Ligand SMILES: NC(=O)c1ccc[n+]([C@@H]2O[C@H](COP(=O)([O-])OP(=O)(O)OC[C@H]3O[C@@H](n4cnc5c(N)ncnc54)[C@H](OP(=O)(O)O)[C@@H]3O)[C@@H](O)[C@H]2O)c1
């Protein structure tokens, strides 16, 4: 197969097109002829040497793919209602930057009706992550308010649309007026340019002093103190990345006085069983919304897979709004 290999760790140029033996699906797995591979910030961290694949995962980067099923465990596929020749997308723990990819059957979903392979490849990583953290861990409910840091990120555009579809009020932060506008166009109720104003003061003002019920944080560092300060009673802070640093100092008395929960997670090392359960929730509650066009993929740029280095440069430039996708279609 063709694959984008990591020739060491460092600048985007370490991503190079090469040849690898075709992967073989084992028990509970299927093989996908990949048409498109999603690009995510964790791929950038892996390229730089800060995010090693979990034990047993492919050393190739790439956490999500879309394409056609070409082989697999027939019994497992029958139970999951998947078949040879079907168009699918899948969450994988590595190996997505290749034109063949093995995926666990339980982490593979049909392409939602009406979506292209490019669009489908943009879904798994952010939809699994947002569902798991915002709804399962933080328990966001209809009528509550969610503050999303980085609203224009791949994660952010998914979180905005899912939270709105589930009946929440959404406040986002973003680093420019254009990005704020894009978040509002996707359905966010309020957008705060975090470079122009203090998001915690704004969140308190926008909620009439009550505070927000849930914060989805991809910054951490000195954001944690401000997030704790603008959480409502029984509020939940869920940390999914530490772009702003790992150390945090905050007023711990607020945690007890307001009964706050501070939590977080990383998806990649979790078990197939855990991810399969998320896939079932997405199939039941979210895929129908995608098929109906109530939630839509947000694709910023599509590049040929051989230009993976350019895709990473684009992501690190922070110019994008939504997702960057690699295409294997010639
Ligand atoms: N825990 C997990 O399981 C998991 C899974 C997937 C992704 N992640 C993490 O989630 C984050 C988003 O991933 P992605 O693939 O969607 O990446 P992405 O599209 O590149 O987004 C990165 C975002 O971080 C925002 N950001 C950086 N500094 C900020 C700050 N000080 N305040 C507010 N926003 C800030 C950027 O916003 P501006 O451009 O507006 O500055 C940008 O939108 C990454 O950190 C990634 O590692 C975690």
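The numbers here are math on the coordinates, done by the rules we state, and not lab data. Owing to the predicted nature of the structure, the values given are computational and were not obtained by experimental measurement. Here the Cβ is made from the backbone with ideal geometry for all residues, glycine too, and neighbour counts use every protein chain on show.
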**Message:** With 19 Å as the cut-off, how large is the P(r) tail for the range 11-125, expressed as percent of Cα-Cα pairs?
**Reply:** 42
**Fill in**
To the nearest 0.05, the calculated FRET efficiency linking residue 283 and residue 141 through their beta-carbon distance, R0 being 35 Å, is 0.95
**Message:** For the chain, what does the relative contact order come out to in percent, with C-alpha contacts under 8 Å and a separation of six or more?
**Reply:** 19
**Asked** Angle, helix 272-285 long axis vs. longest principal axis of the chain, Cα atoms, 0 to 90°, nearest 10?
**Response** 70
**Message:** Nearest 10 degrees is fine. How inclined is helix 154-165 to the longest principal axis of the chain, computing both from alpha carbons?
**Reply:** 70
**Request:** Give the Rg (one decimal place) followed by the Dmax (whole number) of the range 127-264, computed from C-alpha coordinates and expressed in Å.
**Result:** 13.3, 38
**Among 246, 255, 170: highest mean-square fluctuation, GNM of the chain, C-alpha pairs under 10 Å** = 246
**Prompt:** So which residue, out of 161, 243, 16, gets the largest mean-square fluctuation from a GNM of the chain using Cα contacts under 10 Å as springs?
**Reply:** 243
**Item:** Sorted by Cβ density within 10 Å, fewest first, the residues 275, 7, 48
**Value:** 7, 48, 275
**Message:** To make sure I understand, if each residue's beta carbon is the centre and we count other beta carbons within 10 Å, what order do 250, 50 fall in, fewest to most?
**Reply:** 50, 250
**Prompt:** Antiparallel DSSP bridges in the chain: what percent, to the nearest 5?
**Reply:** 55
**Prompt:** In degrees between 0 and 90, to the nearest 10, how far off the longest principal axis of the chain does helix 308-317 point, with axes built from Cα atoms?
**Reply:** 10
**Prompt:** What percentages, rounded to whole numbers, describe P(r) for the range 193-330 computed over all alpha carbon pairs with 5 Å bin width beginning at zero?
**Reply:** 2, 8, 12, 13, 15, 17, 16, 10, 4, 2, 1, 0
**Asked** Over what distance in Å are the Cα centres of the range 45-66 and the range 278-328 separated?
**Response** 17
**Item:** Where only alpha carbons of the chain are counted, the Rg and the Dmax (Å)
**Value:** 19.5, 59
**Asked** Hey, how many Å between the Cα centroid of the range 21-41 and the Cα centroid of the range 213-275?
**Response** 33
**Prompt:** What nm distance separates the two modelled labels at residue 11 and residue 249, each placed 7 Å from Cα along Cα→Cβ?
**Reply:** 3.8
